[in-house]
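Remarks on the structure that follows.
What follows is calculated from the coordinates using simple rules that are stated; it is not laboratory data. A quick note: this is a predicted structure, and the numbers were derived from the prediction, not measured. Backbone-built Cβ (ideal geometry, glycine too); neighbour counts: all protein chains shown.
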Amino acid sequence: MNPADDAVLREVQRLLSNSLSLAGGTDEVATRLRAALILAQPQLVTMLPGSAQLQREQLAQALTWLAHNLDNPPAVVAGCVQLGGALAACGIQPAQLQLVGAALAEAMRAGMAANGWRQDFDQAWRSTWQHVHEWMGHGAEAARYQPVTWLAEVVSHELRRPDLAVVRIRPYLPFPVRAGQYARIEVGEVPGVWRPYSLAGRGGVIELHVRAKTETGVSGTLVYRTQPGDQVRFSRAEGSMGVPPGSRDLLLVAGDTGVAPLKAMLGELAATGDPRSAVLFWGVRDLNELYDMDDIALIARACRRATVVPVVSEGDSGQYASGLVTDAIAAYGEWSEADVFLAGPPVMLAATSAALQVLGVAPERIHHDAPEG
């Protein structure tokens, strides 16, 4: 870089950082920016995934990242391109972002003392936004021809069984996902290998329930050698599972770690106050496999009408039902009018689907994603 250009860039960076501080800091600016966007382009905000709090946090993180990295143009360009691709995956195109620069300038101005907003601040932010907007446009265009991926940071790792971990991961960029979907994950230890995992979690944190048959591969890495601070990469969320519109009651049937997407669906019912009845049957071999029972029961209690029924097929069942999960479903009630969602091993999907049809559930009301080969 030309030394003169470098000096100009550092001056712009100084102006961005100083103006953010004078405007109350990134958290306050992000709050005002989101409020301004709701007034100017409400449809834009509704297209962004996550809660209002998550959106404010991501806006604040983006402002901080931009101010701190402006002296590293290749990193800024790459980050803006990735953001453009992520927003395109949310359905947001660059043309819809043209007013963001003006809204940002107003959010900065509104947080300053009288006459605090100077011309050099205004020029620094507007010129920076012009470049950011252009680079995001390149990212949105690239997303039409190549898969979009999301870099994410591991925020917690809990070994719940000797071979099973619950890993919570926060994507850096907006990640569109519907409760019940799955995504493919790549870890640094096994580059180029993508393995599908169902997604649970809430509040912008993705939760993976990972069982490892060996200590190698993506699952082995996630269970045995992953810790907070590590990074993984996500593909676009996939799958047809999700809380359907309408008023039909829901029957949810999980086997093993298949409980993760159904846990996410219960979480959506709780968050939206959905009045429908939902019963989650979780079939396991023994009591030790109920690795997430406390958290799932807590979510069910937050729903208006949800029940969790663990079914233990071998050994002592404790306070829970014993035997086959399909027998427990048949004994519980009549399901012909319910929407049914299944998740678990391929053999379980086939057996449960067949049993439900014998109980009078029409095939078109039984939903599950195709098992991976």
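Here are a few things to note about the model shown:
- The stretch 150-234: mean projected area of Cα convex hull, nm²: 5.0
- HN-Hα J in Hz across the stretch 210-227 - Karplus 6.51, -1.76, 1.60, θ = phi - 60°, x for Gly and Pro: 10, 10, 10, 7, 9, 8, 9, x, 5, 5, x, 5, 5, 7, 9, 10, 10, 8
- Extension gain, residue 297-residue 248: 0.36 nm per intervening residue step, less the Cα-Cα distance, totals 15.4 nm.
- Net charge contributed by nearby residues that have their C-beta within less than 12 Å of residue 320 (K/R +1, D/E -1): -3
- Close amide H pairs (under 5 Å, H built 1.01 Å from N) link residue 249 with 339, residues at least 5 positions away or on another chain.
- Look at where the Cα atoms of the stretch 95-143 and of the stretch 1-47 average out, and the two centres are 6 Å apart.
- Sorted peptide list for 118-125, 61-68, criterion being average Cβ within 10 angstrom, highest first: 61-68, 118-125
- Computed from label points 7 Å out along Cα-Cβ, the spacing between residue 40 and residue 95 is 1.8 nm.
- Of the peptides 127-138, 42-53, the ranking by mean beta-carbon count within 10 Å, highest at the top, reads 127-138, 42-53.
- Rg then Dmax, both in Å and based on the Cα atoms of the chain: 24.0, 78.
- Note on the chain: antiparallel DSSP beta bridges, both residues inside, total approximately 55 percent of the bridges counted.
- Here the sum of -39500 (n - 2.57) over DSSP H runs of 4 or more residues, divided by the residues of the chain, equals -14000 deg cm²/dmol at 222 nm, to the nearest 500.
- The stretch 308-373-the stretch 256-292 distance, computed between alpha-carbon centres (Å): 13
- Rounded, prolate or oblate (a/c below 1.5 giving rounded, otherwise prolate when a/b exceeds b/c) for the stretch 250-367 by Cα gyration tensor: oblate
- Sum of side-chain charges, residue 286 neighbourhood, beta-carbon under 13 Å (Lys, Arg +1; Asp, Glu -1): -2
- For the stretch 234-274, diffusion coefficient by Stokes-Einstein and Kirkwood Rh (Cα), 25 °C, 0.890 mPa s, µm²/s: 211
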